[in-house]
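The values are calculated or read from the model by the stated rules, or taken from the named source; none is laboratory data. What you are looking at is a predicted structure, and each value in this text was computed from that prediction instead of being measured. For neighbour counting, all protein chains shown are included, and Cβ atoms are generated from backbone atoms with ideal geometry for every residue, glycine included. The protein model used for the area step is the full one, side chains on, heavy atoms only, and it has no ligands, DNA or RNA in it. Shrake-Rupley method; radii C 1.70, N 1.55, O 1.52, S 1.80 Å.
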Amino acid sequence: MALTLIGSFTSPYVRKIRLLLWNDKSLIFRPVNYLEVEDSEFLKSVNPLNQIPMLLDGETPIYDSRVMFNYISKKWKLPELSIEQENILSIIDTAMASGVNLFSLRKGGIDIGDKSHYFLVRQQERIPTLITHLIPWALKQDPIKDWNYLTMSMVSLLYWLQLRDIYSVSSHPELVDFIQRFSQCPGVIETEAPPL
Ligand SMILES: N[C@@H](CCC(=O)N[C@@H](CS)C(=O)NCC(=O)O)C(=O)O
């Protein structure tokens, strides 16, 4: 049964699933922009979470990127992640969630630099803390040996933080180097967001 991925060209969650499925030539990618009325109505009609990415395996809906990864892993019989790898994935996904929260708030007109706002401060603090935590792991990753869902997620996170000007990745030479080393991996160039 062919897989259908519903998502945008900019979402970091969508991008990591596109990278994961890059070699599946039967994948159907259905682009949506949930800020446009027609696409938003379509998304709501197929996904009660009203979020992207969404995956369909035939008629079976799969709603969350981590669940998609687990589902694909089982289907393709990929090796199970160790607890250390699961933790890396949680760190990347949580940094992504904080970034996406800040982006959405800024889009809604909120001053995300407001230091008096408990929620904003927590999101703002979390990103550098998590990014710093990822550096020792990132330094050990090799683009030939370690092109997997973790490094795909990291590429998607770092690229998106820069794209949306949410966090200055360039202040970490190790991460600039990571982006450069992984830039030629399969699908990375092709899944870059078109100019905004
Ligand atoms: N936990 C979800 C998060 C997905 C998510 O936050 N997607 C964003 C786009 S990057 C979204 O759909 N935002 C619209 C909304 O939440 O209303 C996943 O891992 O798939």
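Reported count of residues in the range 86-118, each being of a type outside the set (D, E, K, R), over 22 Å from ASP64 (Cβ atoms) and either under 18 Å from the mean Cα position of the chain (by Cα) or in a helix (DSSP H, G or I) (or both), is 1.
Criterion applied to ARG18, ARG30 was being out of contact with any Cys (no Cβ under 9 Å at 6 or more places or on another chain), touching a residue at least 40 places away in the same chain (Cβ under 8 Å) and closer than 22 Å to PRO186 by Cβ, and the one residue passing it is ARG18. Among the candidates LYS25, LYS74, LYS115, LYS107, the residue that is open to solvent by 60 Å² or more (accessible area, probe 1.4 Å) and within 11 Å of the ligand (Cβ to nearest atom) is uniquely LYS107. Could you please tell me which pairs satisfy a Cβ distance under 6 Å, a separation of 6+ or placement on different chains, a first residue in the range 41-61 that is farther than 15 Å from LEU5 by Cβ, and a second residue that is more than 14 Å from the ligand (Cβ to nearest atom)? Short answer, once both residue conditions are applied: none. In the range 1-31, what count of residues is obtained for those that are touching a strand residue (DSSP E or B) at 6+ places or on another chain (Cβ under 8 Å) and either modelled with pLDDT under 95 or among the polar types (S, T, N, Q) (or both)? Count: 5. Selection within the range 158-196: residues that are closer than 21 Å to ASN101 by Cβ and outside the structural domain of TRP137 (by TED's automatic domain parsing). The member of this set that is least open to solvent (accessible area, probe 1.4 Å) is ALA193.
Taken together, the residues in the range 43-71 that are hydrophobic (A, V, I, L, M, F, W, C), within 22 Å of THR191 (Cα to Cα) and open to solvent by 70 Å² or more (accessible area, probe 1.4 Å) amount to 1.
If I filter the range 31-42 for residues that are part of a helix (DSSP H, G or I), open to solvent by 80 Å² or more (accessible area, probe 1.4 Å) and within 13 Å of the ligand (Cβ to nearest atom), do I get at least one hit? No, there is no match, as no residue in the range 31-42 is part of a helix (DSSP H, G or I), open to solvent by 80 Å² or more (accessible area, probe 1.4 Å) and within 13 Å of the ligand (Cβ to nearest atom). Could you say whether any residue in the range 86-98 is more than 18 Å from ARG15 (Cβ to Cβ), more than 10 Å from the ligand (Cβ to nearest atom) and open to solvent by less than 40 Å² (accessible area, probe 1.4 Å)? Scanning the range 86-98 turns up no residue that is more than 18 Å from ARG15 (Cβ to Cβ), more than 10 Å from the ligand (Cβ to nearest atom) and open to solvent by less than 40 Å² (accessible area, probe 1.4 Å). Here LEU78 meets each of (1) aliphatic (A, V, I, L, M); (2) part of a helix (DSSP H, G or I); (3) within 16 Å of TRP147 (Cα to Cα) with one exception, condition (2). Of the residues in the range 135-146, not one is in a helix (DSSP H, G or I), surrounded by 13 or more Cβ atoms within 10 Å (Cβ to Cβ) and not hydrophobic (A, V, I, L, M, F, W, C).
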